[in-house]
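Down below is the structure, laid out as structure tokens.
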Amino acid sequence: MRNSGMIQKLNRMKLRWCVLLVLVAVLSSVKSDLLAQDFGDSKSSTLVTKAWEALAAGEHDNVTAYTKKCCELYQDEAKKQQSSLSDFAGGDDDTIHSYWALNDVGTILFIQGESLSQQGKSSEAVEAYKSLVDDYGFCQCWDPQGWFWKPSEAAVAKIKELDFDAQLDD
């Protein structure tokens with residue numbers, strides 16, 4: 001009788017060790033987004049640059065991580081900047097750049113839409129594009145070739161394209 005109690009105790013200990021080992025194995029194989037991501041200095045412009053680079057490399061998980069971080073840190077300021085406008089900011093480049101949060105959050109949502117579209121996730125891409133159009137519609141993005149373009153206008157075209165494709169699939 002005493003041996004049977006001892007055996008049960010040993011079996012429980014073995015079970016606990018097995019569970020612990022499995023847990024350690026699972027946790028070590030799971031990639032933590034916070035550890036895996038290099039957000040640089042976490043400036044909105046840095047996150048947008050990294051998102052463009054990740055999109056070009058087909059690193060869609062990274063695009064999502066940079067988008068989430070940028071929105072988490074800067075969406076409140078971007079919404080304030082959006083609400084202060086009744087049209088696209090005009091004037092010199094410095095004036096347009098002064099809406100940095102709006103421009104960067106809107107741009108990164110466009111990048112997210114592109115990433116989702118490339119993955120064949122059309123409905124999710126449309127959601128990202130619509131968020132851009134509805135919440136950050138006056139954002140502008142600097143093109144390295146020397147001008148600003150309007151991601152919301154490009155997003156509207158992408159929404160129409162994806163909706164048209166969805167109708168063809170029906």
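What follows draws every value from the coordinates through simple rules; no lab data is involved. The structure presented is a predicted model; accordingly, all values stated were derived computationally and were not measured. Glycine gets a Cβ as well: all are built from the backbone with ideal geometry, and neighbour counts include every protein chain shown.
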TODO: Determine ³J(HN,Hα), in whole Hz, for all residues of the range 122-136 in sequence, where each value follows from phi through the Karplus function 6.51 cos²θ - 1.76 cosθ + 1.60 and θ = phi - 60°; x replaces Gly and Pro.
DONE: 4, 5, 5, 5, 4, 4, 4, 5, 5, 4, 4, 5, 6, 9, 9
Open item on the list: Rounded to the nearest 20 debye, what is the charge dipole size of the range 36-153 about its Cα centre when +1 sits on each Lys and Arg Cβ and -1 on each Asp and Glu Cβ?
Closed with: 220
Task: Using θ = phi - 60° and Karplus 6.51 cos²θ - 1.76 cosθ + 1.60, couplings along the range 75-84 (whole Hz; Gly, Pro as x) - done: 5, 5, 5, 4, 5, 4, 5, 4, 5, 7
Open item on the list: Can you give the local net charge around Trp142? Use residues other than it whose beta-carbon is closer than 12 angstrom to its beta-carbon, Lys and Arg +1, Asp and Glu -1.
Closed with: -3
